[in-house]
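> Below you'll find the structure I mean.
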Amino acid sequence: MKEQGSRMRHWMFWLVTATIGLTAQSPRHLAAAVTDAGGNLKKLVMHDHTRYGLPSDASDFFLEVPTDTVMDKEGRLYVLDFGAKTVFVWDRDGKYLTNLGREGEGPGEFTFRSKSRSLLSYDGEFVYVIDNSSRKIHLFRDLTYVRTVPRPQQFDMLSVIRHLKNGKVFMFYQNYRDKVPFSKVVLANDKLEVEKELLHFEDKTFRRNEEGGWDYFAFSRRPVMYASYYFDALLVGDNLSDEVSVYDLDGNLKQKIVIDLPRRVLSDLDKEKIREMVRWAKPPHRILFPEYNDRFTNFIPISPNQLFVYVKEYERGRISGVIFDWQGKSVAEGTQLLGDEGSLDFFADRMIGIFTDQEGNYSIKAMAPTLQ
């Protein structure tokens, strides 16, 4: 039962947070209506820019379950593949270069037993591969393995890590072993010693029921966040709040963006879709639903001063939301069809999307945002 409970927690976190990103399904573009200063309606369109594929002679590998991405200063894209137990690397133009590491227990080798806790980060010099299953952090520089260091024990449920340009490290982790389970968003130094808490609350996602199973409380409070080596702010909120807190890279609160989005009533189709996804929730386990969906499921910058805040509509398989500026003014509305396992991230001058088709095949693309 302990092992089963661990699998449930891993699955749940993967479902609700994925990789700080936006869940999507192989769209050609993401479109949102934008009103310019003259009152003319425009659209923000993400055009395909670069496609990242594996060469035909790479017979030992294919994209199995890509789950996290980082980009270095040379524009090389690193994609952690949980299924293939490796990290694929492409150059700025989409040419496949190599893969880093392989399955195993040795230096520079990965076990990757949890999708949500197999992570990448980049600090301007090193690419970090965090293998929470083996409590190891592997460092690579210029496509070469450098060393392996132990991951601090307190971060067994580490689910987000991003190195920042000022040398700090942004992290999100949980602890279900405490008498009162908690979720924390913290800022640490380069030794992963916590220096400041940005968000800390009791985690009420799971509870033992009277039949000895687990009750999973869908849409319970959880952190929503964004941080990147290339981004000059830390964005922190939660799925039930109407605010996003903006911190500087030292963890000082600079402002709050009011997110004026109503909470949508959960439909029976919403609930049925989630039951299909939460396959482990058979008696004595249960899923308990609130009346309303999240206020927002996630957010991601689409430019240095615009934030796309969206809600996932499970029964329609899409996201719908609003683009806000840093003053909290809504400047656009956007809607896009989704898949269950894609993601979108923002690096310097481009968006990187991991997409899935209806057969579960993956593709990776860079996209350039334009106004039309």
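> Hey, rough spin-label estimate for residue 335 and residue 289, points 7 angstrom out along Cα→Cβ, what's it come to in nanometres?
My value for the distance between the label points is 2.1 nm.
> Quick one: length gained pulling residue 250 to residue 327 fully straight, 0.36 nm per residue minus the C-alpha distance?
25.6 nm
> Could you tell me how many cubic angstrom of Cα convex hull volume segment 101-159 has per residue?
Working: hull volume 4.5 nm³, N = 59.
For segment 101-159, the hull spanned by Cα atoms encloses 77 Å³ per residue.
> Can you work out ³J(HN,Hα) from phi for every residue in segment 209-220, in order, using Karplus 6.51 cos²θ - 1.76 cosθ + 1.60 and θ = phi - 60°, giving whole Hz and x for Gly and Pro?
Each residue of segment 209-220 in turn: 9, 5, 9, x, x, 10, 8, 9, 8, 4, 6, 6 Hz.
> Diagonalise the Cα gyration tensor of segment 56-100 and give the resulting equivalent ellipsoid semi-axes, square root of 5 times each eigenvalue, largest first, whole Å.
On the way: eigenvalues 59, 35, 10 Å².
Its equivalent ellipsoid spans semi-axes of 17, 13, 7 Å.
> Here's something else I'd like to know. Under a plain spin-label model, where a point goes 7 Å from the Cα along Cα-to-Cβ, how far apart in nm are residue 305 and residue 64?
4.6 nm
> Additional query: Would you grab the residues whose amide H sits under 5 Å from the one on residue 292? Only those 5+ places off in sequence or on another chain, please, with H modelled 1.01 Å from N.
Correct list: 266.
> Any chance you could run the full-extension gain for residue 56 through residue 359? It's 0.36 nm times the residue separation minus the Cα-Cα distance, nm to one decimal.
Between residue 56 and residue 359, full extension yields an extra 107.0 nm.
> Modelling each spin label as a point 7 Å along the Cα-to-Cβ direction, I'd like the residue 74/residue 272 distance in nm, to one decimal.
So the label points at residue 74 and residue 272 sit 5.2 nm apart.
> How many angstrom lie between the Cα centre of segment 66-113 and the Cα centre of segment 304-333?
30 Å
> Eigenvalues of the Cα gyration tensor times 5, then square-rooted: what semi-axes does that give for segment 51-207, in whole angstrom, largest first?
Equivalent-ellipsoid dimensions as semi-axes: 29, 17, 14 Å.
> For segment 279-293 and segment 171-215, what is the centre-to-centre distance using only Cα atoms, to the nearest Å?
Between the Cα centre of segment 279-293 and that of segment 171-215, the gap is 21 Å.
> OK, next. Of the trypsin sites (Lys or Arg not before Pro) in segment 224-289, which ones lie in a loop per DSSP and count no more than 15 other C-beta atoms within 10 Å?
264, 279
> Moving to a separate point now. Based on the Kirkwood radius over alpha-carbon pairs, what value in µm²/s does the Stokes-Einstein equation return for the translational diffusion coefficient of segment 146-298 at 25 °C and 0.890 mPa s?
141 µm²/s
Since every read-out is calculated from the coordinates, none of them should be taken as a lab result. All values reported here derive from a predicted model rather than from experimental measurement. Glycine gets a Cβ as well: all are built from the backbone with ideal geometry, and neighbour counts include every protein chain shown.
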